[in-house]
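What follows is a set of notes on a single structure, which appears directly below.
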Amino acid sequence: LIYNDHLQAAAGAYLDESQGEMAVEQYLGMIPESYLETASPEFCELYAQLKAEIGDSVADSYYDAGLEAYRQQDYAVAINSLEKAYMYDPDNDDALYYLGVCYYDSGNVSTAAEKFNDLLAHFPDSAQAEKARQRLEEIGE
């Protein structure tokens, strides 16, 4: 029942323009993906609709926050923000590249390699692909 309250709050925030799309995202973020497996079709439909409506704006906000945190070498915040940016915009090869860079710079080389390999698999011709290849060579993969 609590997740219904979160969805209602998200819908209310969406309709209340003064709250902004990040408020909607925060309410939606309180609903675990696993709950959607057992939720009603109406619940899932509204959840998906709200997520789609805010996606581009929220992805941009998270991407900007992630880059800023990266520049300040706050890798935990950068990784969290860039993961969300990529989740909301899976076509953002820049978010995926910088996610790999953040993992690399924070010492998590194996996850960095995974992100760079994901980038090459999904965006082989992108501007970031060559940089990802170079990073993988540095890692030894």
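Is at least one residue of the range 90-102 open to solvent by 40 Å² or more (accessible area, probe 1.4 Å), of a type in the set (Val, Ile, Thr) and either closer than 24 Å to LYS51 by Cβ or out of contact with any strand residue (DSSP E or B) (no Cβ under 9 Å at 6 or more places or on another chain) (or both)?
No.
I'd like the full set of residues that are part of a loop (DSSP other than H, G, I, E, B) and open to solvent by less than 90 Å² (accessible area, probe 1.4 Å), limited to the range 14-32. Before the answer, list the steps.
The first filter runs over the range 14-32 and keeps only residues part of a loop (DSSP other than H, G, I, E, B), leaving 16-20, 30-32.
Passing the criteria: ASP16, GLN19, GLY20, ILE31, PRO32.
Being open to solvent by 80 Å² or more (accessible area, probe 1.4 Å) and under 23 Å from ASP16 (Cα atoms) is a description that does not apply to GLU68.
Can you find a residue that is outside any helix (DSSP H, G or I) and within 26 Å of ALA95 (Cβ to Cβ) anywhere in the range 43-57?
Here is the first cut: in the range 43-57, the ones outside any helix (DSSP H, G or I) are none.
Checked against the condition, which is being outside any helix (DSSP H, G or I) and within 26 Å of ALA95 (Cβ to Cβ), the range 43-57 yields no hits at all.
Here the range 1-33 is the region considered, the condition is being of a type in the set (Gly, Ala, Ser) and over 23 Å from ASP89 (Cβ atoms), and the residue that is nearest to the chain's Cα centre (by Cα) is ALA9. All conditions in (1) on the phi > 0 side of the Ramachandran plot; (2) open to solvent by 60 Å² or more (accessible area, probe 1.4 Å) hold for GLU53, with the sole exception of (1).
Open to solvent by less than 20 Å² (accessible area, probe 1.4 Å), among the polar types (S, T, N, Q) and either within 14 Å of the chain's Cα centre (by Cα) or more than 23 Å from TYR3 (Cα to Cα) (or both): is that true of SER110 in this structure?
On the way: open to solvent by less than 20 Å² (accessible area, probe 1.4 Å): no; among the polar types (S, T, N, Q): yes; either within 14 Å of the chain's Cα centre (by Cα) or more than 23 Å from TYR3 (Cα to Cα) (or both): yes.
Against the criterion (open to solvent by less than 20 Å² (accessible area, probe 1.4 Å), among the polar types (S, T, N, Q) and either within 14 Å of the chain's Cα centre (by Cα) or more than 23 Å from TYR3 (Cα to Cα) (or both)), SER110 does not qualify.
Can you spot a residue in the range 70-85 that is assigned to a helix (DSSP H, G or I), more than 24 Å from VAL109 (Cβ to Cβ) and free of Cβ contacts under 8 Å to residues at least 12 places away in the same chain? No. Exactly one of (1) in contact (Cβ under 8 Å) with a residue 12 or more places away in the chain; (2) closer than 20 Å to PHE116 by Cα is unmet by ASP91. Its number? Checking ASP91 against (1) in contact (Cβ under 8 Å) with a residue 12 or more places away in the chain; (2) closer than 20 Å to PHE116 by Cα, the one that fails is (1).
The values are calculated or read from the model by the stated rules, or taken from the named source; none is laboratory data. Please read these numbers as outputs of a predicted model, since none were measured by experiment. No Cβ is skipped: glycine too gets one built from the backbone with ideal geometry, and neighbour counts run over all protein chains shown. Heads up: the accessible areas ignore ligands, DNA and RNA and are worked out on the full protein's heavy atoms, side chains in. Shrake-Rupley method; radii C 1.70, N 1.55, O 1.52, S 1.80 Å.
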